[in-house]
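The values are calculated or read from the model by the stated rules, or taken from the named source; none is laboratory data. Here the structure is a predicted model, which is why all the values come from computation and not from measurement. With ideal geometry, Cβ positions are generated from the backbone for all residues, glycine too; neighbour counts draw on all protein chains shown. Note: accessible area is taken over every heavy atom of the protein model, side chains too, but ligands, DNA and RNA are not part of it. Shrake-Rupley method; radii C 1.70, N 1.55, O 1.52, S 1.80 Å.
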Amino acid sequence: MQGKKILVVDDESRMRKLVHDYLSREGYEVFEAGDGEEGLKVFYEQKDLALVILDVMMPKLDGWEVLKEIRESSQIPVIMLTAKGDEDDELHGYSLGADEYLAKPFSPRVLVAHVDAVIRRTSGGETGESDVIEKAGIRIDETAHEVTVDGQVVDLSVKEFDLLSYFMKNEGIALSREKILNNVWEYDYFGDARTIDTHVKKLRSKLGEKGDLIKTIWGMGYKFVSDEG
């Protein structure tokens, strides 16, 4: 993770310093912004950022507005921070394209674990499995972090990419929501399982007709079934 650049956008200076100190110790290069407008300015200036940590409640532009603008041009991983514990807020963040969601107060060590997991998934550093998965016209290139459907590139968020990869690697297997959370989120998750349903809904929409290959197993979870078998 050495040298990876992270942008922290939060109007609380103490929070920024706390996050900055912990991430710097892990070798990350940390950039800071104190409000949404400044956050977007730094985002556009630093073209090689690896991840954005984004507070929800901020002056000038709130986290939702910043996330919307980022998603218009980039699929960079975004971890949302909020003082609110409302599950609807969490689902709203995921629906806008957030990849992770942490409610304040949180352990800095837990935040670092989230950051490490997200960057590890997006850096192409994992080994032991094929870099390319292809089924029923859907092709995943894990090294390039690219998905195509019948030859056309489909823009997926980090979490949508991870979900699709997990589904296709486990074709024909009924996967419970708990198992999906443990494997795709890579840590124990105690939030509402509707988070998965929100991601699956968006993933199906982006895959078009191929979205029907992700079958709902009522009362349990999901299963990927290709036309090939």
Hey, what angle do you get for helix 194-207 against the long axis of the chain, alpha-carbon based, 0 to 90 degrees rounded to 10? 70
What figure in square angstrom, to the nearest 10, would you give for the accessible area of E29 with a 1.4 Å probe? 80
Charge-dipole axis of the chain as Lys and Arg at +1 and Asp and Glu at -1 on Cβ define it, positive-most pick from Q75, A113, Q46: A113
Two decimals is fine: what is log10 I(q)/I(0) at q = 0.11, 0.12, 0.15, 0.17 Å⁻¹ for the chain, from a Debye sum with one equal scatterer on every Cα and no solvent? -0.55, -0.66, -1.02, -1.27
Report relative contact order for the chain in percent, whole number only (criteria: Cα-Cα under 8 Å, sequence separation at least 6). 14
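Go through W218, W64 and list them by solvent-accessible area, largest first, probe radius 1.4 Å. Working shown, then result.
Values: W218 220, W64 40 Å².
So the residues, ranked largest to smallest area, are W218, W64.
May I ask you to rank V110, V66 by accessible area, largest first, using a 1.4 Å probe over the protein chains only? Each step should come with its number before you reach the end.
On the way: V110 65, V66 5 Å².
Final ranking, largest accessible area leading: V110, V66.
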Angle between the chain longest axis and helix 158-169 axis [Cα atoms, degrees, rounded to 10]: 20
Counting every Cα pair in the range 1-48, what percent are over 12 Å apart? 58
Taking θ = phi - 60°, what integer Hz values does the Karplus form 6.51 cos²θ - 1.76 cosθ + 1.60 yield along the range 133-140, in sequence order, with x for Gly and Pro? 10, 9, 8, 6, x, 9, 10, 10
State, as an integer percentage, the relative contact order of the range 62-184 based on alpha-carbon contacts under 8 Å between residues 6 or more apart. 19
With every protein chain in place, the accessible area of S73 for a 1.4 Å probe, in Å² rounded to the nearest 10, comes to 80
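For the range 20-82, what relative contact order do you get, as a whole percent, if you take Cα pairs closer than 8 Å and at least 6 residues apart?
33
Would you mind classifying the range 1-85 by shape? Square roots of the alpha carbon gyration tensor eigenvalues, ordered a ≥ b ≥ c; an a/c under 1.5 is rounded, otherwise it is prolate if a/b is larger than b/c and oblate if not.
Values: a/c = 1.73, a/b = 1.16, b/c = 1.49.
It is oblate, given that a/c is not under 1.5 and a/b is not larger than b/c.
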Beyond 26 Å between alpha-carbons counts as too far, so tell me which of K4/K223; K17/K201; K47/K201; K47/K135; K5/K159 fall in that bin. K4/K223; K17/K201; K47/K201; K47/K135
How far is helix 36-45 tilted, in degrees, relative to the longest principal axis of the Cα atoms in the chain, given as a value from 0 to 90 rounded to the nearest 10? 70
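In Å², what does the accessible area per residue of the chain work out to with a 1.4 Å probe?
In whole numbers, the chain has 48 Å² accessible per residue.
From the helices alone, meaning DSSP H stretches of at least four residues, give me the mean residue ellipticity at 222 nm for the chain, per-run term -39500 (n - 2.57), in deg cm²/dmol to the nearest 500.
Values: 8 runs with 92 residues, N = 229.
When only DSSP H runs of four or more count, the value is -12500 deg cm²/dmol.
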Put +1 on the Cβ of every Lys and Arg and -1 on every Asp and Glu Cβ in the chain; which of T122, Y166, Y28 then has its Cα farthest towards the positive end of the dipole? Y166
Going by accessible area, probe 1.4 Å, with all protein chains left in place, what is the ranking of E90, E32, largest first? E32, E90
